Amino acid sequence: RKKVRDSTPNGRSGPLGFQLVQLFDALVEFNVQRRIAVQLHFQRLDLAVSVPGVGLRTALAAVIRMPELGGLGRGRAAALLGVAPMDDDTGEHIGVRYIQGGRARARKALFLAAFAACIHHNPWLKRAYKRLVGNGKAHTLAVTACTRKLVVLLDAVFARGTPWENREGMPCPH
């Protein structure tokens, strides 16, 4: 058998060698893009964990299951999660507001986080919860409203790119 001499200066033979170089370059570029994406996820995890009442599991659920957070706005973030109030109005009939749709797994994680936060950890959500329950709203409705406030808060923290700051006397939005 004769050995085939390399015809290219880089030591690879013909079109196969060129394809290997292209494949290697594409893999290097993919690896760089992947590392950038992982760094972005870690930054977003740090931002999410800075919010009182949001632990690592909830932060992971928010970052992985709702990657759009940070560029949505209040109504769209709540609708994406499935906690935006939908109306049941027709004509002169004014129906009860309800929630529907959205991303169920992310909603479950954020609902449980909001439940703990509005009872124990987050003074902002505590005030909202106490105000709603004081006005005669049911517990589940109040926690769902706090879930909406939590996802809006996470969206704002991601959009701003700075961690949560707990300021005394911060107004509780309605």
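Shown here is the pair-distance distribution of the chain: with all Cα-Cα distances grouped in 5 Å bins from zero up to the longest one, the shares run 1, 8, 14, 16, 14, 10, 7, 5, 4, 4, 4, 4, 3, 3, 2, 1, 1, 0, 0 percent. Against the chain, whose longest principal axis comes from its Cα atoms, helix 123-134 is set at around 40 degrees.
As a fraction of the 1.4 Å probe accessible area of the chain, surface on carbon and sulfur atoms comes out at 58 percent. Once the Cα atoms are used to define both axes, helix 139-160 deviates from the longest principal axis of the chain by about 40 degrees.
How much accessible area per residue does the chain have, counting only protein heavy atoms and a probe of 1.4 Å, in square angstrom?
68 Å²
For LEU80, the shell of other residues with beta-carbons less than 12 Å away shows a net charge of +4, using +1 for Lys and Arg and -1 for Asp and Glu.
The values are calculated or read from the model by the stated rules, or taken from the named source; none is laboratory data. The structure displayed is predicted, hence computed values, not measured ones. Heads up, the Cβs are rebuilt from the backbone with ideal geometry, glycines too, and the neighbour counts pull from every protein chain shown. Ligands, DNA and RNA are excluded from the accessible area calculation, which covers all protein heavy atoms including side chains. Shrake-Rupley method; radii C 1.70, N 1.55, O 1.52, S 1.80 Å.
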